[in-house]
Every structure is written in structure tokens, then in C-alpha cells.
Amino acid sequence: MNLVLEKINKIKEQLNEWGYAYYVLDNPVVDDAEYDKLLKELIELENQNPELITSDSPSQRVGGIVLDKFEKYKHRTQMLSLANAFNEKDLRDFDKQIFKETEHKNYSFYVEPKIDGLSISLIYERGKLIKGVTRGDGIFGEDVTSNVRTIKSIPLTISDKDDYVEIRGEVFLSKPEFEKINLKRQLDEEPLFANPRNAAAGTLRQLDSNVAAARNLDAFLYYFMDREKISTHSDSLKYLEDLKFKVNNLGKLCTDIEQVIEHIEFISSQRSNLDYEIDGVVIKINEFDLYEKVGYTAKSPKWAIAYKFPAEIKQTKLLNIFPTVGRTGRITYNAALEPVQLAGTTVQAATLHNSDFIKQKDIRIGGVVKVKKAGDIIPEIVEPIVDELYNNLKVWEEEKFCPECNTELERSVGEVDQYCINFSCPRKIIRSLEHFVSRDAMNIEGLSIKIIEKLYENNLVKNILDIYNLKNHKQELINLDKMGVKSVDNMLEAIEKSKQNSVEKLFFGLGIRHVGKKTAQLLMTNFKSIQKLSDIEFEKLEAIHDIGPTVAQSVVDWFNVKENILLLENLKNCGLTMDYLGNIGSKFNEKVTDKSFVITGTLSKPRNYFKNILEEYGAKVIDSVSKKTDFVLAGVEAGSKLEKANKLGINVIDESQFIEMIGE
Ligand code: IVH
């Protein structure tokens with residue numbers, strides 16, 4: 001063999017061994033200087049003989065690749081998330097369910113920390129790491145291979161030489177690494193990362209892999225499911241260890257739910273000593289052959305659950321209470337807090353809900369309060385610390401006037417909330433426009449709250465109808481600061497496209513008080529059009545199952561306002577869908593629900609017929625073929641779309657295959 005190649009291979013082997021001891025076993029066998037010296041030697045040899053550089057060389061971990069964007073990657077099997085358990089009862093219910101589903105078969109649990117990072121999927125072909133992909137929406141992830149290669153605890157080659165090996169786990173930043181990064185950012189006067197998870201996410205999604213290489217990401221691997229090779233989770237972890245992956249050492253095999261609870265307590269007790277963040281404990285059935293039997297929901301396996309640690313509670317000073325106005329005019333009170341570190345982020349605001357909440361808890365400005373994060377996201381005030389100092393503070397009094405338009409606030413009988421009832425309250429209008437364009441409503445991309453505010457201030461949009469007239473003000477839009485031609489074009493296109501949305505989305509978007517997404521759907525299924533609903537009587541509405549008097553009254557009241565009727569007429573004239581076209585999302589079919597379809601060519605019935613069926617099953621029907629398309633339903637004389645589908649390797653089905661698929 002070529003002498004240089006031999007030397008290079010020897011160095012690589014040595015570096016891999018040292019790296020493994022250092023990064024995976026956390027047990028260095030040489031000092032950093034010696035490692036660096038050998039790495040330098042390797043890089044020099046490779047520079048002199050570039051043809052000998054291989055993608056699995058330790059020299060390739062140093063970054064160097066800068067991308068324009070990450071490619072999307074379709075996961076071979078969906079990356080699922082986990083259902084949550086918050087207490088012992090949830091855990092025992094989980095056990096009972098498994099007991100039932102497995103028909104009392106013997107099963108055991110594997111209990112391991114829930115690493116607070118980002119899921120990653122690693123793909124090895126014939127022993128070589130070829131891809132690292134983020135979870136994304138579970139179906140499509142982002143190809144972040146160039147960054148994954150910089151993670152030194154992830155082997156670039158493994159001894160399992162199968163054609164395809166997929167391993168999943170969690171990428172994270174250790175607490176000390178996170179501190180180091182933030183310290184540097186502070187010195188560089190850059191904004192700080194809120195917590196290690198955010199920092200890890202920001203790093204893994206850097207297009208410049210040099211950044212990732214400099215930041216020392218790390219990874220625990222916990223998922224390897226190849227039933228031909230291995231039959232239990234605990235064995236799979238041993239196998240991963242043999243393959244030299246980093247596997248968490250706090251996991252334990254438990255024979256029953258009592259042991260599970262005990263081990264959860266143990267892991268919780270270790271939490272603050274660990275040098276990485278964990279946000280809970282994951283409990284999995286150990287036996288792979290029971291997975292199918294126990295089954296899955298659409299989003300998560302039923303054979304595993306995540307126990308989430310109870311929310312951390314801290315004390316801080318309440319600096320102020322200020323009201324905000326929502327789209328319905330409802331007043332929400334918010335707290336300004338002295339900044340406090342809570343569950344990984346700095347908290348300086350919390351919700352106080354309505355004035356009853358504040359009065360009931362007797363929360364006073366200037367007092368010390370306990371705060372926690374509900375579901376670890378939105379901070380909330382638990383209660384005040386009542387002491388002598390507190391008792392001397394002024395009792396809080398609710399606002400009497402709208403903070404935005406100064407109209408006197410009102411409260412309906414029996415309601416806890418106060419409302420601003422001024423139709424032209426600017427904040428109400430802005431918020432209702434925000435609701436109208438939101439995802440579950442008309443889903444108009446590009447119209448963020450900031451843009452809406454700007455359009456409102458510039459008298460370009462004062463009501464829903466104005467959105468559909470924006471196309472006549474293109475130049476004015478372009479002139480608004482920060483709005484480029486391209487973003488204006490995209491926005492106008494999104495507005496036009498929204499006209500074809502289902503009437504349920506439109507009806508929900510109107511923002512009628514008490515009419516949520518489900519109620520909008522229910523009303524449209526029953527009345528088939530907004531028009532038919534407009535002169536319905538209260539009694540008829542209330543007679544519908546699931547529609548109570550409050551909702552019925554609110555709908556009737558809305559249609560009694562003549563401006564609203566005028567708005568509907570104008571929207572109809574603009575070409576918006578005002579009639580009910582089908583029962584969107586009412587049926588379920590594993591092969592169809594949530595999938596995206598493109599319909600092309602001539603079929604036996606109009607395209608809308610097939611579109612309606614697909615939408616009934618909760619599938620998305622889109623106009624153009626892309627990598628994201630799941631199926632193309634092609635009729636006779638299908639042209640460029642079929643061509644593109646074939647090129648991208650997308651499943652193409654004909655009408656008979658479609659009927660078979662639907663099973664109708
Ligand atoms: S198992 C199909 N084990 O938690 C089950 N997940 O909400 C696959 N996570 O998306 C997940 N530590 O990113 C599993 N020891 C662990 C985990 C873990 C962290 C994350 C993972 C997943 C999320 C579930």
C-alpha cells in the first residue's frame with residue numbers, strides 16, 4: 001500500500017481513538033496539545049495529497065462548508081414526538097394502558113433522561129455517515145450534515161457496514177459550553193442565547209459550518225430500531241455504545257411502574273449536578289415486539305411517554321400591571337417583572353389574565369410574587385408573598401378606560417372579562433386583522449403584525465376588505481420602508497390565493513366572539529353558506545348540538561350589524577369563497593390524511609370533485625409539484641406537472657389507484 005496512505009490511516013485511527021476517549025467516554029488519554037499536533041500533521045499530509053482526503057477524516061470536522069440554504073430531506077420513517085406525563089397518576093395510567101394493549105404480556109420499561117436539545121437523525125451507509133437531518137415537522141427535516149460532521153462525539157464511520165443504518169438522538173450544548181458562548185457574545189456585544197437549547201438550535205441551523213465547529217455541539221443517541229439485529233431498547237443502547245456512540249449513562253431497565261417512578265425520582269435528584277440540561281424523563285417499553293401491538297397516535301408512539309419536570313417556581317418583584325386590548329376588545333392584564341432566571345430563560349413579563357384573577361389573588365404593584373412557566377412557555381404569577389411590607393402596598397384597582405382609545409370599558413353580566421366596545425379602537429382593528437390573516441384563518445403569509453401596523457398607520461388597511469384592495473396600491477406598498485418589490489409581490493399573491501380558502505376558514509377569520517375554529521366548521525357544515533346563516537334565528541342556532549346560547553347570541557348579534565353584512569357582500573364581490581364545499585378534515589385515512597396532493601390532467605370528473613374528497617380526508621391539495629408533494633393524481637394528457645413529478649421521484653397515481661387508496 002502507498003506509504004503516505006498507510007501513514008494517514010494510522011493517524012486517523014489514532015485520532016479517532018483519542019477523540020472517542022475524550023468526547024464520548026469523557027476520559028481523555030492524551031492532552032489537547034498532543035491531539036492538536038497529530039491533527040495538524042494529518043492536515044498537512046492531506047494538503048500535500050488532496051486525493052487522499054476522505055469525508056470521514058477527523059480533519060473534516062473543522063467546518064469550512066458554507067451553504068446558501070439547507071436542503072429538505074424526507075425522513076424514511078416519520079420522526080415522532082412523545083405524549084407527556086406530568087404526575088404519578090399519568091404514569092400509572094400509561095402503565096394500565098400498556099397492560100391492556102399487551103394483553104398482560106410481560107413487559108419492562110427503560111427509563112432515561114429527556115435531553116433538552118434538538119432531535120437528530122443520522123444515516124450511515126456501509127459504515128459511513130452520509131446524512132444528519134433535523135426533525136423538522138417530523139416528515140421533512142433539514143439536511144444539516146455539514147454541521148453534524150463537526151460534532152466530535154458523533155462517529156464519522158461505524159463498524160456496522162449495513163447498506164442503511166439510521167440512528168436517532170439529541171444534539172445539545174453542555175451548560176459550560178453554553179456559558180462560554182454567551183460570555184463571548186457578551187464581549188462581542190451580540191444578543192445572548194436564552195438557554196442551551198436555543199443556542200444549540202441556533203448553532204445546528206447555521207449555514208456556515210465553521211460556526212458549528214467552533215461551538216462544540218454534543219449528542220446523545222437513544223434510538224436504533226432494527227428488529228432483525230436487536231429485540232430490546234436496552235440492547236439497542238448497548239449496541240450503540242459498541243458502535244462508539246455517546247449513550248446517556250443514567251438510563252435504567254425497570255420491571256414495573258413502581259421502579260419507574262423510583263428511577264424518575266433518582267434522575268430528578270441528579271438534574272442540577274448534570275452538565276447538560278434535561279427537561280424530563282422518557283419511559284419506553286423495552287421490548288420492540290410490543291411496539292406494534294401497543295401502537296401509535298398520529299404524532300407519537302403509545303409505547304413511550306415523556307415525564308415532564310414540574311415547572312420551576314421563582315420569586316421576583318412585580319414592577320407594574322398594564323392592560324392590553326385583544327381583537328374582540330377583551331382586556332388582558334400583564335405584569336412587568338424584575339428580570340428573573342426561570343427554566344432557562346430570563347423572564348420579565350407574565351400574564352395576569354383578567355382583573356378577577358388579580359383581585360382574587362390580591363396582587364399588588366411593588367410586591368414580591370411567585371412566578372412559574374405554565375407548560376414551560378408562558379410565565380404566570382402563582383401568588384404574592386404576603387408579609388407586612390406587602391400589606392402596606394396599595395390595593396390594585398382595575399382600569400376603567402381602554403388603554404388604546406380611552407373608551408369606557410364594559411363588562412357583560414356574568415362575564416369576568418372587561419371589553420372595549422369601540423368599533424374603531426385601533427388596537428382591536430389591528431388585532432382582528434392579525435387574526436384574519438393567521439394560519440387557521442385565511443393563512444396569508446407575509447402579513448405579520450408589524451406589517452399590519454404599518455399598513456394601518458399609513459391608511460392602507462383599515463378593515464378586512466382593504467386587504468383585498470391592496471393590489472391597487474402596489475407602489476405605495478413598495479415605498480413603505482423595508483418592503484421590497486419581491487416581498488410585496490409575494491404578499492399580494494398570498495392575498496389573491498386566500499380567496500380560494502374554504503368558507504370555514506373565512507368564517508373563523510371574521511373573528512366573531514366565541515366562534516372558534518371548531519364552531520366555524522360546525523356552523524358551515526350545518527348551514528352550507530354564510531348567506532344562509534346570516535338571517536338565522538337564535539333558536540335555530542341554539543338547537544344545534546354543541547352550540548350554546550352564548551355562541552348563538554354572539555353570532556346573531558354579529559349579523560345584526562349592518563357594516564358586517566356590507567363587508568360580507570364586498571368580500572363576495574372580491575371573489576372569496578362564501579359557500580361550503582365539503583367536510584374538510586372530517587374523515588381519516590392513513591394514506592391520505594395530512595398528505596399533499598397535486599391534481600393534473602383530465603379525469604373522469606372535474607378536479608374539484610377530487611379536491612373535495614381529498615380535503616374531506618384532511619389532505620392538502622396544492623397547485624405545483626415540489627419535493628414536498630406526496631402524490632400526484634394524474635389524468636389523461638397530464639403535462640409538465642407529471643414530468644416534474646417523475647423527475648423528482650414523486651408517487652404518481654391514476655384515478656383507479658386513487659379510488660383504491662381512498663377505499664370508497
Ligand atoms: S425517544 C419515537 N428519548 O424528546 C420516540 N426522545 O417529545 C422518539 N428527547 O422529539 C423519541 N431525550 O427530540 C426519546 N431519551 C430520549 C429523549 C428524547 C430527548 C426528545 C426528542 C423527541 C422529544 C419528544
Options Lys74, Lys131; residue that is under 17 Å from Leu221 (Cα atoms), in contact with a Phe, Trp or Tyr (Cβ under 9 Å, 6 or more places away or on another chain), among the charged types (D, E, K, R) and more than 9 Å from the ligand (Cβ to nearest atom): Lys131
Hey, Arg439 modelled with pLDDT of 95 or more, among the basic types (Lys, Arg) and within 19 Å of Gly511 (Cβ to Cβ) or not: no
Test for Arg215: is it under 20 Å from Tyr164 (Cα atoms), of a type in the set (D, E, K, R) and touching a residue at least 24 places away in the same chain (Cβ under 8 Å): no
Segments classed as strands (runs of 3 or more DSSP E), wholly inside region 19-136, with at least 3 members that are within 30 Å of Glu265 (Cβ to Cβ): 109-115, 118-125
Residue match in region 468-488 (condition: more than 21 Å from Asp623 (Cβ to Cβ), in contact with a Gly (Cβ under 8 Å, 6 or more places away or on another chain) and touching a residue at least 24 places away in the same chain (Cβ under 8 Å)): no
Any hit, region 399-413, residues being crowded, with 20+ Cβ neighbours inside 10 Å and of a type in the set (Gly, Ala, Ser): no
Residues of region 307-331 classified as within 26 Å of the chain's Cα centre (by Cα), in a strand (DSSP E or B) and crowded, with 17+ Cβ neighbours inside 10 Å, total: 2
Candidates Ala214, Ala219, filtered to the one that is closer than 30 Å to Val340 by Cα, under 21 Å from the mean Cα position of the chain (by Cα) and either surrounded by 17 or more Cβ atoms within 10 Å (Cβ to Cβ) or modelled with pLDDT under 95 (or both): Ala219
Spans of helices (runs of 4 or more DSSP H) in region 169-259 with at least 1 residues under 27 Å from Gln97 (Cβ atoms) and within 16 Å of the ligand (Cβ to nearest atom): 233-242
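A quick yes/no check of all residues on (1) modelled with pLDDT under 95; (2) of a type in the set (Asp, Glu); (3) more than 16 Å from the ligand (Cβ to nearest atom):
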| position | (1), (2), (3) |
| --- | --- |
| Asp32 | yes, yes, yes |
| Tyr35 | yes, no, yes |
| Leu39 | yes, no, yes |
| Ile43 | yes, no, yes |
| Asn49 | yes, no, yes |
| Lys69 | yes, no, yes |
| Asp90 | no, yes, no |
| Asp93 | no, yes, yes |
Qualifying positions in region 3-45 - of a type outside the set (Lys, Arg), farther than 26 Å from Ala219 by Cβ and without any contact (Cβ under 8 Å) to a residue 12 or more places away in the chain: Leu3, Glu6, Glu44
Pair list, Cβ under 6 Å, 6 or more apart: region 145-173 residue more than 21 Å from Met79 (Cα to Cα) and touching a residue at least 24 places away in the same chain (Cβ under 8 Å), other residue of a type in the set (D, E, K, R) and assigned to a strand (DSSP E or B): Ser153/Asp218; Thr157/Lys128
Residue within region 579-596 that is among the acidic types (Asp, Glu) and surrounded by 15 or more Cβ atoms within 10 Å (Cβ to Cβ) present: yes
Pick from region 261-285, criterion more than 15 Å from Asn84 (Cβ to Cβ), assigned to a helix (DSSP H, G or I) and in contact (Cβ under 8 Å) with a residue 24 or more places away in the chain, ranking: farthest from the ligand (Cβ to nearest atom): Ile261
Scan of region 232-261 for residues that are closer than 23 Å to Asn273 by Cα and loosely packed, with under 14 Cβ neighbours inside 10 Å, ordered by number: Asn249
Residues of region 286-300 that turn out to be within 11 Å of the ligand (Cβ to nearest atom) and crowded, with 18+ Cβ neighbours inside 10 Å, as a count: 1
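The values are calculated or read from the model by the stated rules, or taken from the named source; none is laboratory data. A quick note: this is a predicted structure, and the numbers were derived from the prediction, not measured. Using ideal geometry, Cβ is built from the backbone for each residue, glycine included, and neighbour counts are taken over all protein chains shown.
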